[in-house]
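The values are calculated or read from the model by the stated rules, or taken from the named source; none is laboratory data. Given the structure is predicted, the values throughout are model-derived calculations rather than measurements. A quick note on method: Cβ atoms are made from the backbone with ideal geometry, for glycine too, and the neighbour counts reach across all protein chains shown. These area figures cover heavy atoms from the full protein model, side chains too; ligands, DNA and RNA do not enter into them. Shrake-Rupley method; radii C 1.70, N 1.55, O 1.52, S 1.80 Å.
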Amino acid sequence: MFRWSPGADERWQEYAVDAGADTTVLDALVEIQRGQDLGLAFRYACRVGMCGSCGVVVNGRERWACRTRLSTLGSGLVTVRPLYHFPLLRDLVVDLSPFTAKMRAVGAAFAASDQNQRDARIASDSRERREIDAAIECIGCGLCVSACTMVAHNARFPGPAALNRAFTLQRDSRDAQKDARWSVLLSDDALARCHGQGNCTEVCPMGLAPARSIIRLRQMATARLLGVG
Ligand code: SF4
């Protein structure tokens, strides 16, 4: 287990827990904190894969601790460390405020084009609705950001979650902020920087595909530049 607190050196500490077939990494963390090490810091809330707050890196891969059974991780030592690319607060707890900042930077809030229209709808059987639906269920856990090597390389790159969110809005015919958003997305450090490796899509526990949303944004941007979109 990765341990660090302000003013101390980073270290790895081993713990042993009794595990049944359904014991999760989160169960083990709680047991360790209650019975072995009161000072161990980690974050969780719902315990059932709804809130996304227990994201950590387990055996080298980003996962939700509450949805990861120890029995699926083999018989060897299990390593648990905090998410990458976020400021570390203590032990397994990171500061997720850069996630929010990147969302803001791409204009992640919906802006209604017609303030007077009460019920603006996108038909449920339209292609627009289907494409947005496939990308809309992000709960902001940050796993994809931790898995993205471009985030590590370029601090100005918005990252997969923010670009995925931007796609849902650029695709939304009701939104009025598209031009402002395009100016961010087409800047040097946004869409052009994604290398398409797809780590984000691989780790997303919600089954979203931020890499696909980025490809769709590029297609839409190209169509717009050619005057056909
Ligand atoms: S896209 Fe998936 S992995 Fe990324 S923040 Fe949203 S839910 Fe988490």
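Between 107, 49, 55, 60, the distinction of being within 13 Å of the ligand (Cβ to nearest atom) and either touching a Leu at 6+ places or on another chain (Cβ under 9 Å) or under 29 Å from residue 154 (Cβ atoms) (or both) belongs to 55 only. Being on the phi > 0 side of the Ramachandran plot and within 15 Å of the chain's Cα centre (by Cα) is a property that residue 227 lacks. For first residues located in region 132-150 and open to solvent by 20 Å² or more (accessible area, probe 1.4 Å), partners that are near the ligand (Cβ under 9 Å from one of its atoms) and part of a loop (DSSP other than H, G, I, E, B) and lie 6+ apart or on another chain with Cβ distances below 7 Å form the pairs 137/206; 137/208; 138/206; 138/208; 139/52; 139/206; 140/52. Candidates are the residues of region 76-95 that are open to solvent by 50 Å² or more (accessible area, probe 1.4 Å) and of a type in the set (A, V, I, L, M); the one that is farthest from the chain's Cα centre (by Cα) is 77.
Looking at this structure, is residue 167 open to solvent by less than 10 Å² (accessible area, probe 1.4 Å), free of Cβ contacts under 8 Å to residues at least 40 places away in the same chain and under 15 Å from residue 102 (Cβ atoms)? Break it down into steps so the answer makes sense when it comes.
On the way: open to solvent by less than 10 Å² (accessible area, probe 1.4 Å): yes; free of Cβ contacts under 8 Å to residues at least 40 places away in the same chain: no; under 15 Å from residue 102 (Cβ atoms): yes.
It is false that residue 167 is open to solvent by less than 10 Å² (accessible area, probe 1.4 Å), free of Cβ contacts under 8 Å to residues at least 40 places away in the same chain and under 15 Å from residue 102 (Cβ atoms).
Restricting the first member to region 37-61 and to residues that are open to solvent by 30 Å² or more (accessible area, probe 1.4 Å), and the second to residues that are outside any loop (DSSP other than H, G, I, E, B) and within 14 Å of the ligand (Cβ to nearest atom), the beta-carbon pairs closer than 6 Å and six or more apart or on different chains are 47/66.
Applying the criterion of at least 1 residues that are within 16 Å of the ligand (Cβ to nearest atom) to the helices (runs of 4 or more DSSP H) found wholly in region 113-229 leaves 127-133, 143-147, 149-153, 160-170, 199-203, 210-225.
Anything in region 185-205 that is surrounded by 15 or more Cβ atoms within 10 Å (Cβ to Cβ) and under 20 Å from the mean Cα position of the chain (by Cα)? List them, or say none. Working first, answer last.
If we filter region 185-205 for residues that are surrounded by 15 or more Cβ atoms within 10 Å (Cβ to Cβ), which is where we start, we get 185-186, 190-191, 193-194, 198-201, 203-205.
Residues satisfying the conditions are 185, 190, 191, 193, 194, 198, 199, 200, 201, 203, 204, 205.
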